[in-house]
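Heads up, the thing below is written out as C-alpha cells.
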Amino acid sequence: MKLIAPSLLAADFGNLEREMEWFNRSEADWLHLDVMDGVFVPNISFGFPVMKHVARLTQKPLDVHLMIVQPEKFIGQVRDLGAAVMNVHQETCPHLYRTVQQIHEAGMKAAVSLCPATPICTLEDIIAEVDVVMLMTVEPGFGGQKFIAHSLEKVRRMKEMIASSGSHALIEVDGGVNRQTAPQLSEAGVDVFVTGSAVFGADDPAAEVRVLKDLVLTSRA
Ligand code: DX5
Ligand code: ZN
C-alpha cells in the first residue's frame, strides 16, 4: 500500500477552509494531525477545538499523532472526532498493550510511533497487535527538519520484523519526506508517507501530492 498523508502542522492556520479545499480534491489519502503538549516534545501545536473544526471539513481518514504524555486519557475524545487512526508514542505508553487494546475497543486503528533513537525491538512483543508502526524520521516537535538518513536502514529492519512475525502492520514515516527522500523510503518498504512542509509549501499542494504519489508508486519495493 502507498498512501500520502499531508500534515496539517504546515498549513496556514488562518485559512484552514482553503487548505482543506485543495486537500479534499487532491489524491491525499489521510490527513495527519500533530498534537503536541510542550512536555513530551518541546513545542505546542493545536488541540481538540481545531481538530473538530477540521474534521468537519473533510471526509478523508484522520491520523491523529499524539506527541503527548498519557495519550490514553484522550482515546474517547479522539474517537469522538471520528478519527480512523490513533497514533501514540511507544515512549509515552508504559502499558502499551492495554492502550492498543483500548484504541481498538474504541473502533480505531492503533498506530505506534518510535522516535529516531528508540530501537524497533521495543515493539517485538506487540507487533502482531498494531495496525501501523510509525518511524519518526526526524525528532518529533517541529516541521521542516532534515531527514535522518539512518531511518532507511531502520525501515528495512522494521519490514523484516513485520514479515517474520506474520503481522500485517503498515509502516508509516514522519519527518523530512519530500521528492528526494520519498522514493528511497518507498523502496525500503514504507506504506504511509506523512509530509508537511514539502506539500503545504509547494505552489500547488495538490499537484505536489500527485508528484509524491507517482514517485512512491514507481519506486515500490
Ligand atoms: C513533527 C511532526 C510531523 C511534521 C512533518 O513532529 O510529527 O508530522 O509535520 O513535517 P515535515 O514534513 O515538514 O518534516
Ligand atoms: Zn506527525
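The values are calculated or read from the model by the stated rules, or taken from the named source; none is laboratory data. What you see is a predicted model; the values in this text were computed from it and never measured. As a convention, Cβ positions derive from the backbone with ideal geometry for all residues, glycine included, and neighbour counts pool all protein chains shown. We work out accessible area using only protein heavy atoms, side chains counted, and drop any ligands, DNA or RNA first. Shrake-Rupley method; radii C 1.70, N 1.55, O 1.52, S 1.80 Å.
Take each peptide in 204-217, 181-194, count the other Cβ atoms within 10 Å of every residue, and average; sorted highest first, the result is 181-194, 204-217. Pairs of Cα atoms nearer than 8 Å and 6+ residues apart set the relative contact order; for the chain it is 22 percent. Computed over protein heavy atoms with a 1.4 Å probe, the accessible surface of segment 3-218 works out to 43 Å² per residue.
Residues of segment 66-94 with an amide N closer than 18 Å to a point placed 7 Å from the Cα of H53 along the Cα-to-Cβ direction: 81-82. Ellipsoid fit via the Cα gyration tensor, the chain: semi-axes of 24, 22, 15 Å, each the root of five times an eigenvalue, largest first. Atom-type composition of the exposed protein surface of segment 3-218 places 51 percent of the accessible area on carbon and sulfur (1.4 angstrom probe). The H on the amide N of I4, modeled in the peptide plane, is under 5 Å from the matching H of D29, W30, F193, each at least 5 residues off or on a different chain.
Here the extension length gained between R25 and R156 equals 43.9 nm, from 0.36 nm per residue of separation less the Cα-Cα distance. Can you tell me the FRET efficiency between R179 and D12 if r is taken as the Cβ-Cβ distance and R0 is 22 Å, rounded to the nearest 0.05? After rounding, the FRET efficiency stands at 0.55.
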